[in-house]
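S.K.: Before I ask anything, here is the structure I am working with.
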C-alpha cells in the first residue's frame, strides 16, 4: 500500500520543524544569563535585579542560571554603552539599566546608545520620585517649602541623576528655596548625610525609600512634600496627613507642563529590564513572555512583598513605545529643558 501523500507531506514538515522547536525550548538549558547593572551593589538596582532574575530564569525555556555584573559609572552611561555596543547578542545578556537613558538621549545627546534599538523586556515598577525633607526643617508640605526662608539642602550623586534633576526643577522653574550638593556616591551615602545633618533633603524613588530607608519614614525622621512623576501615587502623605502633590501640577503654562512631563517621564520607565539590540526576535519574545509570567508568579510576588518592593509591571511593548516617545520630544521643548538643568 502506498502512503497517503498528505501524511507523507505532514511527516516531512514535522521532521523539519521538530529540531527547531526543540532547539528553541532547549536553548537556555545549562546556560548562564548575565544581568548587567548600571549601578553598584547594595542599592535599589541590585535589590530589584536580584529578586526579578531569581524568578525570571524559572520562566525562561531551559531554566538557565544567572549571575550579576555590576557596571556603575557616568550616571548609568557606561553600562548602557556596553550593553548597546559590546555585550553578546545571543540572549544570554540582560540588563537593568538607568531609567534616565531616554531622557539622557534627548537632553544630552552624543550618547553611545539608542533606546529605540534596545530590546526592552518589561518593567517591574515605576520609579515615582518622592521629595523628602528632614524633620528638623519644620517643612511638612510643599506649601511650607514654598514659604521657607532657610534653603533646603539636597544631596545628589550627580547632575545626571534624578536626585539632582528634581531639586533643580524645584529651584529653577518653581522658585523654591533649594540648593543641591552633588558628589555623593549613592543613595545610602545621601541617607547617611541626612542623618548626620550634612543635607536636609533628598529626592528618590518611592520604592527605594520604602525598601532602603523605611526606618526613617516610620520614625518620622523624613517628611514627604512632593512627588515627581506622570501619575500621582495615592499612598504618599505629607506631614499633615494630606496627599502629596505632583510637581507637574504646579506648571504655570502648557510649555512648563510639557517640560515637566519630559523630566518626569523617567519615572514611567522605572525599574526596567532589557537585552542588547540585535538579539534574535524569537528570543526577545520568549524573554518578554517570561517576564510577564514572572510578574504574576505568586512566589515572586511573595518575595517582593517580603523585601518591601513595589511591583507595578508593564509589558515590553508598552515600555518600548514609552521610551521611543520620550526620545521623539520636539526640539524647542528639549532646548528649554536643557537650559533649566544647566546642561
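S.K.: Which distance in Å, rounded to a whole number, links the C-alpha centroids of the stretch 301-330 and the stretch 202-255?
M.R.: Centre-to-centre (Cα) distance: 19 Å.
S.K.: Only Cα pairs under 8 Å and at least 6 apart count here; give the relative contact order of the chain as a rounded whole percent. Spell out each step's value before the answer.
M.R.: Details: 644 pairs, mean separation 85.4, N = 343.
Computed over the chain, the figure is 25 percent.
S.K.: Arrange 56, 216 by Cβ neighbour counts within 10 Å, fewest through most, would you?
M.R.: 216, 56
S.K.: Where in the stretch 276-301 does the amide nitrogen come within less than 11 Å of the point 7 Å from the Cα of residue 89, taken along Cα to Cβ?
M.R.: Residues 276-281 qualify, since their backbone N sits under 11 Å from the label point.
S.K.: Using the Kirkwood formula over every pair of different C-alpha atoms, what hydrodynamic radius in Å results for the stretch 129-266?
M.R.: 14.7
S.K.: Quickly estimate the mean residue ellipticity at 222 nm for the chain, helices only: each DSSP H run with n ≥ 4 gives -39500 (n - 2.57), and the total goes over all residues, rounded to 500.
M.R.: Helix-only estimate at 222 nm: -14500 deg cm²/dmol.
S.K.: Counting other C-beta atoms within 10 Å, which of 257, 123 has the fewest, and how do the rest follow?
M.R.: Lowest count first: 257, 123.
S.K.: What ranking do 181, 165 get, fewest neighbouring Cβ atoms within 10 angstrom at the top? Walk me through the intermediate numbers first.
M.R.: Numbers: 181 15, 165 26.
Taking fewest neighbouring Cβ atoms as first place, the list is 181, 165.
S.K.: Antiparallel as a % of all DSSP beta bridges within the chain, to the nearest 5?
M.R.: Details: 18 of 34 bridges.
Just about 55 percent of them are antiparallel.
S.K.: Pop out the Kirkwood hydrodynamic radius of the stretch 93-201 from its pairwise C-alpha distances, inverse of mean 1/r, in Å to one decimal. Don't jump to the answer; show the numbers that get you there.
M.R.: Values: mean 1/r = 0.0637 Å⁻¹.
Its Kirkwood hydrodynamic radius stands at 15.7 Å.
S.K.: With r as the distance between the Cβ atoms of residue 149 and residue 324 and R0 = 35 Å, compute the FRET efficiency 1/(1 + (r/R0)^6) and round to 0.05.
M.R.: The pair residue 324/residue 149 has a calculated efficiency of 0.20.
S.K.: Shifting gears a bit: Is the shape of the chain best called rounded, prolate or oblate, per the rule: a/c under 1.5 gives rounded, else a/b larger than b/c gives prolate, else oblate, with a ≥ b ≥ c the square roots of the Cα gyration tensor eigenvalues?
M.R.: Here the chain falls in the prolate category.
S.K.: Which of 258, 205, 35 moves the most in a Gaussian network model of the chain with Cα springs under 10 Å?
M.R.: 258
S.K.: Note down the relative contact order for the stretch 129-266 as a percent, whole number, built from C-alpha pairs under 8 angstrom at least six residues apart.
M.R.: In percent, rounded to a whole number, it is 30.
S.K.: How many nm is it between the label spots at residue 195 and residue 181, if each spot is 7 Å from the Cα in line with the beta carbon?
M.R.: Once both label points are built, they end up 1.6 nm from each other.
S.K.: Sticking with the crude label model, points 7 Å out along Cα→Cβ, report the distance from residue 307 to residue 293 in nm, one decimal please.
M.R.: 2.0
S.K.: Once you have the Cα-Cα distance between residue 32 and residue 116, take 0.36 nm times their residue separation minus that, and quote the gain in nm to one decimal.
M.R.: Numbers: separation 84, 0.36 × 84 = 30.24 nm, distance 2.65 nm.
Stretched fully, the residue 32-residue 116 segment lengthens by 27.6 nm.
S.K.: Explain nothing, just the number: relative contact order of the stretch 63-150, from Cα pairs under 8 Å at least 6 residues apart, as a whole percent.
M.R.: 21 percent.
S.K.: GNM, the chain, Cα, under 10 Å: largest mean-square fluctuation among 329, 234, 51?
M.R.: Answer for the Gaussian network model of the chain: 234.
S.K.: Under 12 Å from a point 7 Å along the Cα-to-Cβ line of residue 231: which residues of the stretch 123-143 have their amide N that close?
M.R.: Within reach of a label on residue 231, which here means backbone N under 12 Å from a point 7 Å along Cα→Cβ, the stretch 123-143 contributes 125-128.
All of the numbers you see were taken from the coordinates with simple rules; none came from a lab. Being a predicted model, the structure only gives us computed values, none of them experimental. So basically every Cβ, Gly included, is an ideal-geometry build from the backbone, and we count neighbours across all protein chains shown.
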